[in-house]
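Here is the structure we will look at.
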Amino acid sequence: MANSQTTSGIVAGRLPADRIAKNFGDLHPAYQPHEAAVAADRCYFCHDAPCMTACPTSIDIPLFIRQIATGTPEAAAKTIFEQNILGGMCARVCPTETLCEEACVRETAEGKPVEIGRLQRYATDTLMARNAHPFTRAASTGKKVAVVGAGPSGLACAHRLAMLGHDVVIFEARPKAGGLNEFGIAAYKAPNHFAEREVAWLMQIGGITMEEGKALGRDITLAGLKADYDAVFLSIGLGGVNALRAEGEDKDGVRDAVDFIADLRQSGDLTGLPVGRDVVVIGGGMTAVDAAVQSKLLGAENVTIAYRRGQESMSASRYEQDLAAQNGVRLMFNLRPVAVHGNGSAAEIELEYTTTEGGKLTGTGETIRLKADQVFKAIGQTLTDAPEGIAIEGGKIAVTGAGRTSVAGVWAGGDCASGGEDLTVTAVAEGRDAALDIHATLTA
Amino acid sequence: MADLTTEFLGIKSPNPFWLASAPPTDKEYNVRRAFEAGWGGVVWKTLGSEGPPVVNVNGPRYGAIYGADRRLLGLNNIELITDRPLQTNLEEITRVKKDYPDRALIVSLMVPCDEESWKAILPLVEETGADGIELNFGCPHGMAERGMGSAVGQVPEYITMVTEWCKKYYSKPVIVKLTPNITDIRNPARAAFQGNADAVSLINTINSITSVDLDLMAPQPTIDGKGTHGGYCGPAVKPIALNMVAEIARDPQTHGKPISAIGGITTWRDAAEFMVMGAGNVQVCTAAMTYGFKVVQEMISGLSQWMDDKGYTSTSDFIGQAVPNVTDWQYLNLNYVTKAKIDQDACIKCGRCYAACEDTSHQAIWMKPGRVFEVNDAECVACNLCVDVCPVESCISMVELQAGEMDERTGKVVEAEYANWTTHPNNPAALKAAE
Ligand SMILES: Cc1cc2nc3c(=O)[nH]c(=O)nc-3n(C[C@H](O)[C@H](O)[C@H](O)COP(=O)(O)OP(=O)(O)OC[C@H]3O[C@@H](n4cnc5c(N)ncnc54)[C@H](O)[C@@H]3O)c2cc1C
Ligand SMILES: Cc1cc2nc3c(=O)[nH]c(=O)nc-3n(C[C@H](O)[C@H](O)[C@H](O)COP(=O)(O)O)c2cc1C
Ligand code: SF4
Ligand code: SF4
Ligand code: SF4
């Protein structure tokens with residue numbers, strides 16, 4: 001008999017294929033040209049625009065929107081890509097509600113910002129559909145730079161370096177480039193293999209060699225890179241996941257949310273991807289929301305996010321929380337896991353109520369139990385694979401200025417480096433800025 | 001609800017909204033439906049002389065200018081006068097007038113500039129029972145090349161002459177429709193009244209090329225790779241029409257003469273503005289062509305509401321009320337001093353006022369930390385640009401300095417007395433007069 005939403009255990013095929021396809025379709029459908037024109041017309045072309053200040057990559061938003069309004073989305077795309085070569089992905093995954101759109105004066109005026117993200121997507125999609133790369137390389141500088149990690153930060157750094165005339169080799173531990181764009185971002189934010197297509201499009205600049213399956217610490221060393229290259233950029237993201245520190249954490253059915261999401265992103269057929277009937281996600285960030293929502297979209301009957309603090313402390317934006325709620329995910333607050341119960345595999349999770357006093361979280365002693373045949377841990381990622389001898393600060397590679405590490409000739413950016421929010425767009429900004437600093441250093 | 005009944009040249013209509021001579025009034029079918037929709041009157045699509053009718057192009061005849069969301073702001077056309085036989089039109093006019101005795105029905109005419117032609121057509125029009133005629137001296141394309149339309153309207157002597165013929169061979173009111181494609185609208189208006197016209201109507205369309213097809217390298221609308229200038233109308237022409245109406249209304253030679261206003265009238269408010277500026281009624285074309293006949297319902301309800309709010313019981317209560325307040329620049333009070341003031345609570349911090357004033361005006365707006373925008377009274381010349389570009393209505397206002405207050409820009413105390421350019425010390429003419 002076919003599985004359904006109420007089949008117990010962790011099973012595949014809870015929903016028919018057409019429902020799955022619909023559930024994992026584009027979250028925000030692309031604008032049609034007229035819609036784009038109407039949306040663009042709402043922009044006031046602000047002076048020293050607040051939205052632009054709020055964008056970590058400082059895209060000239062009023063200019064690109066005006067370029068859309070005047071019928072030149074390709075020129076708009078170029079304005080975007082000059083600042084942010086992953087403007088296509090950012091248009092899809094940026095939490096605009098806490099970035100540019102939050103700062104938009106029309107948000108202040110009417111609570112309805114100009115839809116900057118969707119306009120950005122319209123422009124970038126238009127240019128990328130031509131499959132033409134808008135930039136060319138400067139004359140060769142004869143310098144070689146190693147980039148470690150092919151996530152957004154590494155890709156942005158490599159592209160800018162290549163554009164400036166340097167030769168770049170990217171070393172990527174996984175068999176596929178893209179970083180969390182490829183393995184982490186929620187499937188419905190970038191469907192139709194967008195991450196993969198974007199990498200291929202970006203590589204058209206030339207001068208970038210992608211070495212997949214090459215991990216720092218396993219296949220290569222920092223000392224080796226330093227010897228062979230004029231500069232090194234580390235963009236290895238956060239490879240580890242925090243432990244729950246709850247009893248029974250090792251039971252079957254308890255899993256890292258990021259692994260589940262990576263499987264989901266790489267699955268060729270989502271009807272074949274197993275998910276629990278009663279799923280509990282522990283955490284309060286974007287990863288927690290994505291794991292929960294996608295579990296629900298796969299057909300889990302009950303999905304709960306349990307977060308140890310109050311709603312106001314959740315790092316997932318209000319928009320993300322609403323998205324979870326709209327998809328039928330239950331959000332529970334002030335609860336922390338104490339034990340996973342079950343005979344070999346998880347069956348229930350026990351959670352303790354918490355209060356925060358003087359900024360310190362304490363348990364009240366009162367607990368509840370929720371049915372849970374699958375538990376996802378989404379309580380934050382940690383840095384792994386940091387090379388020996390490099391200074392660490394707050395669990396990340398310490399950087400000053402445009403990503404300079406404690407080791408001369410080595411830069412770092414993105415999630416693995418200190419400072420900035422852990423967002424795709426921030427990773428891009430840091431990669432780009434490090435590239436400019438590397439360029440300045442190498443050509444000084 | 002206020003009574004909108006309007007009497008213009010003794011012709012009564014249930015409201016002041018007439019359809020202008022154009023496609024909406026091209027035939028019986030349209031006009032009946034327009035009357036059913038509530039229009040107070042129509043000026044029938046312009047008739048030409050007996051004989052084979054004119055022909056229109058068979059490609060596109062309109063071009064458009066758009067605002068946001070493809071809102072039509074301006075329309076351009078290269079259509080000619082009616083392309084249907086004279087007899088057909090006359091029969092239809094007769095039937096419609098008989099069925100709608102309470103509505104105004106005016107016949108628009110354009111025939112060659114000789115007495116015979118007018119003498120021939122006018123009795124035929126008289127027989128239809130229509131309420132009056134309108135002389136189309138305005139059409140800027142197609143007909144002008146044949147010595148009609150604006151070719152006549154641009155020569156005041158011809159206007160007088162033709163108007164006189166019409167008064168001679170036709171007993172009912174004669175309205176002369178003016179072309180705006182002229183330097184000083186007062187001359188053709190004076191000429192019309194000199195020929196004993198009962199009223200003038202204005203404006204007809206403005207010579208224009210709406211756009212150029214950058215692939216074809218040809219004006220739009222494009223007919224087989226070529227284009228020609230057409231006539232511009234719609235919301236975009238309203239300010240031009242309004243000025244021309246005002247010029248005639250306040251010209252001592254034509255002041256108080258009946259005017260039927262045309263040009264960009266799209267809402268009840270536009271209509272009210274033209275009427276307070278001296279128009280006895282209004283004519284509408286593009287608004288109907290854009291939205292259909294039903295728009296008149298908004299015009300009717302809006303005008304009534306405004307009249308009720310203001311306590312006007314008849315349109316004659318407000319017609320011409322604004323005319324005395326239109327003056328020449330040199331009579332404006334130079335002792336009236338205002339300063340822009342930004343309402344910080346309403347301000348959304350877009351910075352447009354700053355960019356406008358800083359880059360193109362008088363560097364009188366400060367941008368302070370936290371995107372706080374404030375006006376520097378010592379520099380503000382009160383030009384109003386910031387008010388015009390601010391996206392928030394009423395966010396910036398012009399505050400009048402009271403007599404006795406100091407104008408920080410000039411360092412002078414504001415005087416209570418009215419003073420204008422004619423007596424200003426910087427005016428060479430004023431100095432001469434004083435000597
Ligand atoms: C589930 C999830 C959802 C998210 N959703 C969003 C979102 O919607 N919007 C948003 O803005 N941000 C989101 N983020 C955050 C965003 O994905 C990251 O901030 C961003 O990808 C960081 O880019 P990066 O290049 O620094 O690191 P990564 O994207 O993590 O890339 C690091 C790369 O380095 C490689 N690597 C690691 N170790 C080594 C090594 N030793 N040798 C060689 N290569 C190595 C990795 O395989 C990977 O390819 C999400 C994150 C997660 C986990
Ligand atoms: C397609 C079209 C045809 C017109 N034909 C005539 C005409 O035959 N006779 C005439 O007097 N005016 C004609 N006009 C001018 C209108 O009557 C009117 O004066 C002008 O459009 C301005 O008014 P509006 O802005 O309300 O359209 C025409 C206008 C248009 C758009
Ligand atoms: S803040 Fe909003 S309105 Fe202003 S430029 Fe940015 S998008 Fe446009
Ligand atoms: S009124 Fe003119 S001069 Fe004064 S602040 Fe505004 S834009 Fe500047
Ligand atoms: S234009 Fe208006 S809303 Fe914008 S900053 Fe100036 S006063 Fe504020």
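So what J values fall out for the range A:262-271 if you push phi through Karplus, 6.51 cos²θ - 1.76 cosθ + 1.60 with θ = phi - 60°, rounded to Hz, Gly and Pro as x?
Rounded to whole hertz, the list is 4, 4, 4, 5, 8, 5, x, 9, 5, 5.
Using a 1.4 Å probe and ignoring any ligands, DNA or RNA, find the accessible area of A:LEU297 and quote it in Å² to the nearest 10.
Number for this one is 20 Å².
Using a 1.4 angstrom probe and counting only protein chains, how large is the accessible area of A:ASP228 in Å², to 10?
The value for A:ASP228 is about 100 Å².
Can you give the helix-only mean residue ellipticity at 222 nm for the protein assembly as shown, where every DSSP H stretch with n ≥ 4 adds -39500 (n - 2.57) and the sum goes over all residues, rounded to the nearest 500 deg cm²/dmol? Let's see the in-between values first.
Working: 30 runs with 285 residues, N = 879.
Calculated at 222 nm, the ellipticity per residue is -9500 deg cm²/dmol.
Taking every pair of alpha-carbon atoms in the protein assembly as shown, give the share separated by more than 54 Å as a whole percent.
Above the 54 Å cut-off, the protein assembly as shown has 38 percent of its Cα pairs.
Cut-off under 16 Å on the C-alpha distance; same-chain residues fewer than 8 positions from A:LYS214 excluded. Which aspartates and glutamates are left, in chain and number order?
Output for A:LYS214: A:GLU172, A:ASP228, A:ASP385.
Carbon and sulfur atoms: what percent of the 1.4 Å accessible area of chain A do they account for?
C and S fraction of accessible area: 48 percent.
Would you work out which of B:ALA236, B:SER171, B:ALA279 lies farthest towards the positive end of the dipole of chain B? Charges go on Cβ: Lys and Arg +1, Asp and Glu -1.
Comparing the listed Cα positions along the dipole, B:SER171 ranks first.
Roughly what % of DSSP beta bridges within the protein assembly as shown run antiparallel, to the nearest 5?
Numbers: 51 of 114 bridges.
That works out to approximately 45 percent antiparallel.
Largest first, what is the accessible-area ranking of A:ASP278, A:ASP256 with a 1.4 Å probe?
Working: A:ASP278 15, A:ASP256 35 Å².
Ranked from most to least accessible, the order is A:ASP256, A:ASP278.
List the accessible area buried at the contact between B and A, summed over both sides and calculated with a 1.4 Å probe, in Å² to the nearest 100.
Details: alone 20540 and 18800 Å², together 38340 Å².
Using a 1.4 Å probe, the pair buries roughly 1000 Å².
Determine how large the accessible area of A:LYS371 is when every protein chain is in place; take a 1.4 Å probe and give Å² rounded to the nearest 10.
In the full protein context, A:LYS371 sits at about 130 Å².
What is the dipole size for the range A:140-257, taken about its Cα centre, with +1 at each Lys and Arg Cβ and -1 at each Asp and Glu Cβ, in debye to the nearest 20?
Numbers: 13 positive and 15 negative charges, 59 e Å.
With Lys and Arg at +1 and Asp and Glu at -1, about 280 debye.
Each residue of the range A:389-399 in turn: what ³J(HN,Hα) in whole Hz from Karplus with 6.51, -1.76, 1.60 and θ = phi - 60°, glycine and Pro shown as x?
x, 9, 6, 10, 9, x, x, 10, 5, 6, 10
Using 0.36 nm per residue of separation minus the Cα-Cα distance, give me the extension gain between B:GLU145 and B:ARG269 in nm, one decimal. If you can, show how the numbers build up before the last one.
Values: separation 124, 0.36 × 124 = 44.64 nm, distance 3.65 nm.
Roughly 41.0 nm would be gained on extension.
For chain B, take the longest principal axis of its alpha carbons; what is the angle in degrees between that and the long axis of helix B:28-37, to the nearest 10 within 0 to 90?
So the inclination is approximately 40 degrees.
Quick one: accessible area per residue over the range A:241-377, 1.4 Å probe, rounded to a whole number of Å²?
On the way: 5780 Å² over 137 residues.
Solvent-accessible surface per residue comes out at 42 Å².
For an R0 of 22 angstrom, estimate the FRET efficiency from the Cβ-Cβ distance between B:TYR336 and B:ASN426 and round to the nearest 0.05. If you can, show how the numbers build up before the last one.
Details: r = 17 Å, r/R0 = 0.78.
The calculated FRET efficiency here is 0.80.
So which aspartates and glutamates pass the test for B:LYS177, namely a Cα distance under 13 Å, with those fewer than 8 places away in the same chain ruled out?
Partners within reach: B:GLU134, B:ASP198.
Between B:ASN196 and B:ARG33, take the C-beta separation as r, use R0 = 56 Å, and let me know the FRET efficiency to the nearest 0.05.
Numbers: r = 35 Å, r/R0 = 0.63.
Calculated value: 0.95.
Counting only protein chains, not ligands or nucleic acids, how are A:SER235, A:SER345 ordered by accessible area (probe 1.4 Å), most first? Display every interim value, and only then the final one.
Working: A:SER235 10, A:SER345 55 Å².
Listed by decreasing accessible area, they come as A:SER345, A:SER235.
Residues in the range B:1-18 near a label at B:SER314, defined as backbone nitrogen under 12 Å from the 7 Å Cα→Cβ point?
Once the point is set 7 Å along Cα→Cβ of B:SER314, B:3-8 turn out to lie under 12 Å by backbone N, inside the range B:1-18.
Apply the Karplus curve 6.51 cos²θ - 1.76 cosθ + 1.60, θ = phi - 60°, to the phi angles in the range B:177-190 and return the couplings in whole Hz, x for Gly and Pro.
Residue by residue, the range B:177-190 yields 8, 9, 8, x, 7, 7, 6, 10, 5, 5, 5, x, 5, 4 Hz.
Show A:GLU110, A:GLU301 ordered by accessible area, largest first, where the area counts protein heavy atoms only and the probe is 1.4 Å.
On the way: A:GLU110 85, A:GLU301 55 Å².
Ranked list, largest accessible area first: A:GLU110, A:GLU301.
Which residues' amide hydrogens lie under 5 Å from the amide hydrogen of B:LEU73, considering only partners 5 or more residues apart or on another chain, with H built in the peptide plane?
B:ILE65, B:TYR66, B:GLY67
Tell me the angle of helix A:194-203 to the major Cα principal axis of chain A, expressed in degrees between 0 and 90 and rounded to the nearest ten.
Roughly 20 degrees, rounded to the nearest 10.
May I ask you to list the aspartates and glutamates whose Cα is less than 19 Å away from that of B:LYS238, ignoring any residue fewer than eight positions away on the same chain?
B:ASP184, B:GLU247, B:ASP270, B:GLU273, B:GLU298, B:ASP388
On the principal axes of its Cα set, how long, how wide and how thick is the range A:33-129? Give whole Å, largest value first.
Here the Cα extents, ordered largest to smallest, are 34, 26, 22 Å.
Return one number: the angle in degrees, 0 to 90 and rounded to the nearest 10, between the long axis of the Cα atoms of helix B:86-99 and the longest principal axis of the Cα atoms of chain B.
70
Please work out the average accessible area per residue across chain B, using the 1.4 Å probe convention, and give it in Å². Before the final figure, lay out each step's value.
Working: 20030 Å² over 435 residues.
With all protein chains present, chain B gives 46 Å² per residue.
Say the dipole of the range A:241-377 comes from +1 at the beta carbon of Lys and Arg and -1 at that of Asp and Glu; which of A:TYR307, A:VAL375, A:SER267 then lies farthest toward its positive end?
The listed residue farthest towards the positive side: A:TYR307.
The values are calculated or read from the model by the stated rules, or taken from the named source; none is laboratory data. Note that the structure is predicted; figures quoted are calculated from it, not measured. Glycine gets a Cβ as well: all are built from the backbone with ideal geometry, and neighbour counts include every protein chain shown. For the accessible areas, the whole protein counts, side chains as well, though only heavy atoms, and no ligand, DNA or RNA atoms are used. Shrake-Rupley method; radii C 1.70, N 1.55, O 1.52, S 1.80 Å.
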